[in-house]
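The values are calculated or read from the model by the stated rules, or taken from the named source; none is laboratory data. Not measured: the values here are computed from a predicted model. FYI the Cβ positions are ideal-geometry reconstructions off the backbone, even for glycines, and counts take in every protein chain you see. Keep in mind that these areas ignore ligands, DNA and RNA; they rest on the heavy atoms of the full protein, side chains included. Shrake-Rupley method; radii C 1.70, N 1.55, O 1.52, S 1.80 Å.
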Amino acid sequence: MKKKINWGIIALGKIADKFAADLPLVNNANLYAVASRDKQKSKKFAKKHKAEKAYGSYEELAKDTNVDVVYIASPHAYHYEHTMLCLTHNKHVLCEKPMGMNLDQVTGMIKKAQDNKLFLMEALWTRFNPSYRKCLELIEKGKIGEIKSIQADFGFRVNTGPEDRLLARELGGGALLDIGIYPVFLALSLLGEPDEVFAKSYFGETGADLSTSMLFAYSGKNVVANLSSTFLANTPVEATISGTKGRIKLHRPWHHAPSVELIRKEKSMKFNFSEPGNGYEYE
């Protein structure tokens, strides 16, 4: 019988709510403690998701010796601070994406985890979803041959004011860090680091990017990845991976695709997926 893993959650917003709802779908996971700077919010969240402890500060949760691992769901700009807090108190960490605001922060987090012999992972849930795993399986079996082109977008229209988390630069707002990370992940996951990167961004009044388009060039493989993210328009939110023998289409919303289509000259096949929860249980 697997040991029950006691989870803690820091910052109790929308993503934390979805994550907590999916934890019961994991056999050895137990939501033990939650923390918010608003104690009443913490108590309400704990009651809804049946957590044993509700803390009014992140430090209290980090110091609780019964907590094994912490899911960090705070705004981007606080990921470094809250991850380091938990690692310092010998807690394993699953940190929401993006893991940090820059390379120095992420390097520091990784070093701290290694020094303390702790688990640290960025919560990029797409990597673990059945639809993406099917995509990887098809590619590994050679169903589309050598990859020669990737196209992926993610965009929706943001109509809120500059104080919104999505647009607030001091909170790590902007299209690239919030949703552009998904197309970037796709290219890195399938092709590794590019030889060259070309990018263009348009910035709003807060200084955060409203739209960023990128071209990743892999000169040694003769491959180009066209990637885009925007808060200015509702885009298809689809991804297509084309190879020498065919292509794979991840249908909308591709980062959590309900279906994957293998398209080849001789025939096409479609694989459909349904989720028991929100899809966070796989990560």
Only one of (1) within 18 Å of the chain's Cα centre (by Cα); (2) assigned to a loop (DSSP other than H, G, I, E, B); (3) aliphatic (A, V, I, L, M) does not apply to I110, and that is (2)
Within segment 58-71, residues open to solvent by less than 30 Å² (accessible area, probe 1.4 Å) and β-branched (V, I, T) come out as V67, V69, V70
In segment 128-181, anything polar (S, T, N, Q) and open to solvent by less than 40 Å² (accessible area, probe 1.4 Å) is listed as N129, S131, S149
Picked from segment 1-25 (must be farther than 29 Å from R165 by Cα and charged (D, E, K, R)), the residue least open to solvent (accessible area, probe 1.4 Å) is K4
Pairs returned, first residue in segment 118-134 that is farther than 28 Å from L262 by Cβ, second residue that is part of a helix (DSSP H, G or I) and open to solvent by less than 60 Å² (accessible area, probe 1.4 Å), beta-carbon separation under 6 angstrom, 6 or more apart or interchain, are L118/L87; L120/A113
Q: Kindly establish whether H92 is of a type outside the set (K, R), closer than 30 Å to P183 by Cα and without any contact (Cβ under 8 Å) to a residue 60 or more places away in the chain.
A: yes
When segment 6-45 is checked residue by residue, the ones that are among the aliphatic types (A, V, I, L, M) and assigned to a helix (DSSP H, G or I) are I15, A16, A20, A21, L23, L25
Check: With respect to G142, is the statement that it is of a type outside the set (F, W, Y), assigned to a loop (DSSP other than H, G, I, E, B) and at pLDDT below 95 true?
Finding: no
Selection status of L190, within 24 Å of G100 (Cα to Cα), modelled with pLDDT of 95 or more and surrounded by fewer than 19 Cβ atoms within 10 Å (Cβ to Cβ) = yes
When segment 73-117 is checked residue by residue, the ones that are more than 16 Å from G13 (Cβ to Cβ), among the hydrophobic types (A, V, I, L, M, F, W, C) and crowded, with 19+ Cβ neighbours inside 10 Å are L85, C86, L87, V93, M99, V106, M109, A113
Per the filter on segment 204-230, residues open to solvent by 40 Å² or more (accessible area, probe 1.4 Å) and in contact (Cβ under 8 Å) with a residue 24 or more places away in the chain are E205, T206, L210, S219, G220, K221, N222, V224, N226
Inside segment 255-283, the number of residues satisfying the requirement of being open to solvent by 60 Å² or more (accessible area, probe 1.4 Å) and in contact (Cβ under 8 Å) with a residue 12 or more places away in the chain is 6
Being farther than 23 Å from E281 by Cβ, surrounded by 15 or more Cβ atoms within 10 Å (Cβ to Cβ) and of a type in the set (S, T, Y) narrows Y32, Y55 down to just Y55
When every residue in segment 237-250 that is closer than 21 Å to K148 by Cβ and in a loop (DSSP other than H, G, I, E, B) is compared, the one most open to solvent (accessible area, probe 1.4 Å) is K245
The one condition D38 fails out of (1) surrounded by 15 or more Cβ atoms within 10 Å (Cβ to Cβ); (2) out of contact with any Asp or Glu (no Cβ under 9 Å at 6 or more places or on another chain); (3) farther than 26 Å from W125 by Cα is (1)
Among E261, E275, the single one that is out of contact with any Asp or Glu (no Cβ under 8 Å at 6 or more places or on another chain), part of a strand (DSSP E or B) and among the charged types (D, E, K, R) is E261
